[in-house]
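What follows is a single structure, written as structure tokens, with notes after it.
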Amino acid sequence: MSVVAPIPARQKNVNRAEVCDQNFLEFVRGWSAAPHARPAADQPVLPGSLCTARDFDELLESQLISRHLDLMARVLRVKNKVFYTIGSSGHEGNAMVARLTRHTDPAFLHYRSGGFMAERFRKLPGMDPIMDSALSFAASKDDPASGGRHKVWGSKPLWVLPQTSTIASHLPKALGTAVAIEQARRIGHKLPVPDDSIAVCSFGDASANHATAQTAFNAAGWTAYQKLPAPVLFVCEDNGIGISVKTPTDWISASFSQRRDLDYFYADGLDLANGYEQVARAVYHCRTTRRPTFLHLRTTRIMGHAGTDFEIEWRSVDELMAVEATDPLLRSAQIALASGLYSKDTLLAKYEAIRAKCFAAAEEADRRPKLTDLAEVIAPLAPYHPNQVNVEAKRADFAEKRAAVFGGEEKLPEKQAPRHLAIQINNALHDLFCKYPEALLFGEDVAQKGGVYTVTKGLHKAFKSQRVFNTLLDETMILGLAQGYSNMGMLPLPEIQYLAYFHNACDQIRGEACSLQFFSNGQYRNPMVMRIASLGYQRGFGGHFHNDTSITALRDIPGLVVGCPSRGDDAAMMLRTLTALAKVDGRVCAFLEPIALYMTKDLYEPGDGGWLTAYPAPDQHIPLGEERVYAPNATDLVVFCYGNTVPMALRAARTLEARHGWKVRTVDLRWLQPLNEPAIARHAGECRRILVVDEGRRSAGVSEGVMTAIVEAGHGGKPTRRVVGVDTYTPLAGAAFLVLPSDDDIVAAAESIK
């Protein structure tokens, strides 16, 4: 392919978008070869190509739309009419992937997907990719994808789940969605997409090196190795560079072409006539074999990483010109002219007509309303309909099923003697699986073994491996699977074996699951209840990774609900509320189960059974935010606490009453995010002294939120103390109890309050 030589005066032009624009115009104007005989619509656009003239014509239009959206963004960004300039230029060949997949194939796209989106918009009548994209670029609240919250490639009717400037964090949930498509058949769940759908996931060659990407590739291979279907199409759009760091030559093919159980295909994304069949083969293979498929799509990157990337400052002119010569639009222009589908004049007219549409749409989008009200901005982040949630939490229309699962009416858990926390969580999980046939529980060791602490014992036997199953040892993938199941309408209850292990995979909740409702304007959601064995005070086994009190990482995630029970009856009722929140409002929930309290039976003295509780009937629940109060009429001292510190505070209260005659009110917060600030303020206002007990570290725990609620309510002048953990990692054995609050610490702190 020959390209017109750039005019010397433009060679050092900082504005490479302008250069690429002029390159196309000059290439077309300079075309002089005689065309082939114009093909019919259903004939190959060029001899030997699988791409028909109709295919090519529509793909070309999608490419031009994508390019002119990029050019428009570069021009209007300096006028503050556009707020995003990471473009798709050089990647327009991904339009072939959109054409050869269905609009019901869930798609998880990286940010250079303008061509894909323009082509997928063609799948449904009446949709306008130019206007919709312009609204997103302009951050207008009329943007149908995110409502003006971010520039995203997303569409509810087109099954494109919105992504922001993601790197590789979307790969686990794409694989999870593929697995969920197949899982639905095994549990009799009706999918929202056709049964033979595939999940499509695109990313760059630099992103393929990311740990999150590698975990998805490994899990895909691990799944296929066991002959479990996982129809995901990984599309690696290889442009040879990540911002400014070049990918070694042939690194992607060398890394992926020989991987077992990750089927490799190559396609030339710079050439529609040649690459079309190659893409078609990959899509057909994925759909028919139901195996994870890796499509290595050759692309290039022109116009820099984004509008602020002045490549001329760090790349030579010769290198830039060589890259710009590989512009896929130049090859598409060559095909258009050589095939006889277009003349120079008709192609230039089409090019300029699409430019005009993009600028007109951008100007219109700039006039559309923006988000100007805080309540409007955060509306989709954390929806909560308390009446509906409470009705769902109390719903108990599964009596026959639960009687069968528990072995008869007389063996129902509410008819048994009081039991400890682990048993009551187990009973509650059995109930939830009777209530929700779409519920799934999975994680490390949760099936036949029943979990490290036997909390899930018997679930696998009762509900079989289709609903209760072990995963590979990879928290990132566990949470990616959870999102995939949620996408397909199921109710996942993933287990993370220890709180410390959650931190390995935090971004799957922070950056992906909890952000989905926000960035889709409430159109998509990731309902799930994530169970995590948590907190400190284990005896005989522990150290940092098994005595982790770092709750702050969870409390900082927008929209996440965090519950932490201290006793068995509360745990059962809170689980019902959390699953109702997931079902009704699509909420992402974390349930922190205090390991040290799993088997605790006694409260004050050995053998007193003071921490055993009866199982609450299945129509009982605890509303979100509602605290448990011990000695609610006491006013000498209020102690705010949660988890392990609740029985500690109760023992301290008995000591304080014996020594000083104080009547102590103990408040088990139970819900750690969001905190019930009005309740905290009320209890603080009714008592003379205030003590906040938090096993989290001094610098970052729950107590800061409690103290803030107290001060902001106007009670900061009251005598107040905190009892908190030390700013250190938790050591092994008895040394652990030197860094965590103790009963004596609570008593001493209370006595120090004047």
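The values are calculated or read from the model by the stated rules, or taken from the named source; none is laboratory data. Nothing here was measured: the structure is a model prediction, and the numbers come from that model. Here Cβ is always computed from backbone atoms with ideal geometry, including for glycine, and neighbour counts include all displayed protein chains.
Observations on the model:
- Any hit, the range 376-399, residues being assigned to a helix (DSSP H, G or I), basic (Lys, Arg) and surrounded by fewer than 12 Cβ atoms within 10 Å (Cβ to Cβ): no
- Taking each residue of the range 59-83 that is farther than 13 Å from ASN94 by Cα and crowded, with 24+ Cβ neighbours inside 10 Å and looking for partners that are at pLDDT below 95 and of a type in the set (Val, Ile, Thr) with beta-carbon atoms closer than 7 Å, six or more apart or interchain, yields ALA73/VAL82; ALA73/THR85.
- Screening PHE203, PHE265 for residues that are of a type outside the set (Lys, Arg), over 22 Å from ASN487 (Cα atoms) and at pLDDT 95 or above leaves exactly one candidate, PHE265.
- Test: residue in the range 55-65 that is farther than 15 Å from ARG120 by Cα and in contact with a Leu (Cβ under 9 Å, 6 or more places away or on another chain): no
- Positions within the range 316-339 being modelled with pLDDT under 95, among the small types (Gly, Ala, Ser) and over 16 Å from LEU270 (Cβ atoms), in sequence order: SER316
- On the stretch given as the range 201-244, residues that are farther than 21 Å from TYR284 by Cβ, in a strand (DSSP E or B) and among the β-branched types (Val, Ile, Thr) total 1.
- Unmet criterion (only one of (1) surrounded by fewer than 24 Cβ atoms within 10 Å (Cβ to Cβ); (2) modelled with pLDDT under 95; (3) under 17 Å from the mean Cα position of the chain (by Cα)) for PRO162: (1)
- Residue check, ARG555 under 27 Å from the mean Cα position of the chain (by Cα), surrounded by 24 or more Cβ atoms within 10 Å (Cβ to Cβ) and touching a residue at least 24 places away in the same chain (Cβ under 8 Å): no
- Residues satisfying the stated conditions in the range 10-67, i.e. closer than 23 Å to SER113 by Cβ, at pLDDT 95 or above and either part of a loop (DSSP other than H, G, I, E, B) or of a type in the set (A, V, I, L, M, F, W, C) (or both): PHE24, LEU50, CYS51, PHE56, LEU59, LEU60, LEU64, ILE65
- Sole exception among (1) surrounded by fewer than 24 Cβ atoms within 10 Å (Cβ to Cβ); (2) of a type in the set (A, V, I, L, M); (3) closer than 17 Å to ASN547 by Cβ for VAL747, by number: (3)
- Condition met for CYS201 (in contact with a strand residue (DSSP E or B) (Cβ under 6 Å, 6 or more places away or on another chain), over 26 Å from PHE310 (Cα atoms) and crowded, with 21+ Cβ neighbours inside 10 Å): yes
- Filter result for LEU472 (buried (at least 19 other Cβ atoms within 10 Å of the Cβ), in contact (Cβ under 8 Å) with a residue 60 or more places away in the chain and either charged (D, E, K, R) or not assigned by TED's automatic domain parsing to the domain that holds ARG149 (or both)): no
- Residue in the range 642-650 that is farther than 22 Å from ILE425 by Cα and in contact with a Leu (Cβ under 9 Å, 6 or more places away or on another chain) present: yes
- ALA254 vs. criteria more than 20 Å from THR288 (Cα to Cα) and without any contact (Cβ under 8 Å) to a residue 24 or more places away in the chain: yes
- Filtering the range 492-531 to residues that are in contact with a helix residue (DSSP H, G or I) (Cβ under 6 Å, 6 or more places away or on another chain) and part of a strand (DSSP E or B) leaves PRO492, PRO494, ILE496, MET528, VAL529.
- Near pairs, Cβ below 6 angstrom, 6+ apart or cross-chain, from the range 730-745 (under 15 Å from GLN538 (Cβ atoms)) to any residue that is surrounded by fewer than 18 Cβ atoms within 10 Å (Cβ to Cβ): THR730/HIS544; LEU732/GLY543; VAL739/VAL726; VAL739/THR728
- Unique residue being farther than 25 Å from HIS430 by Cα, touching a Phe, Trp or Tyr at 6+ places or on another chain (Cβ under 6 Å) and not aromatic (Phe, Trp, Tyr) when the list is LEU516, LEU472, LEU491: LEU516
- Taken as a whole, the structure places ASP21 among residues that are more than 20 Å from TYR276 (Cα to Cα) and either not small (Gly, Ala, Ser) or not assigned by TED's automatic domain parsing to the domain that holds THR164 (or both).
- In the range 104-134, the residues that are under 24 Å from the mean Cα position of the chain (by Cα), part of a helix (DSSP H, G or I) and touching a residue at least 60 places away in the same chain (Cβ under 8 Å): PHE116, SER133
- Any hit, the range 241-254, residues being surrounded by 17 or more Cβ atoms within 10 Å (Cβ to Cβ), modelled with pLDDT of 95 or more and under 23 Å from GLY87 (Cα atoms): yes
- Residue within the range 456-463 that is of a type in the set (Ser, Thr, Tyr), surrounded by 15 or more Cβ atoms within 10 Å (Cβ to Cβ), not in a loop (DSSP other than H, G, I, E, B) and not assigned by TED's automatic domain parsing to the domain that holds MET131 present: no
- For PHE406, the criteria (1) surrounded by 15 or more Cβ atoms within 10 Å (Cβ to Cβ); (2) out of contact with any Leu (no Cβ under 6 Å at 6 or more places or on another chain) hold in every case but one, which is (2).
- Residues that are part of a helix (DSSP H, G or I) and surrounded by 13 or more Cβ atoms within 10 Å (Cβ to Cβ) within the range 354-375 comprise ILE354, ARG355, LYS357, CYS358, PHE359, ALA360, ALA361, ALA362, GLU363, GLU364, ALA365, ASP366, listed in sequence order.
- The C-beta contact set for the range 45-58 (first residue under 13 Å from GLU277 (Cα atoms), second residue buried (at least 17 other Cβ atoms within 10 Å of the Cβ) and among the basic types (Lys, Arg), distance under 9 angstrom, 6+ apart or interchain) comprises ASP55/ARG99.
- Among residues of the range 20-42 that are under 14 Å from SER339 (Cβ atoms), those with a beta-carbon under 7 Å from a residue that is of a type in the set (A, V, I, L, M, F, W, C) and part of a loop (DSSP other than H, G, I, E, B) at least six positions away or on a different chain give the pairs ARG38/LEU341; PRO39/VAL45.
- Of the residues making up the range 614-656, those that are polar (S, T, N, Q) and surrounded by fewer than 19 Cβ atoms within 10 Å (Cβ to Cβ) are GLN620, ASN633, THR635, THR655.
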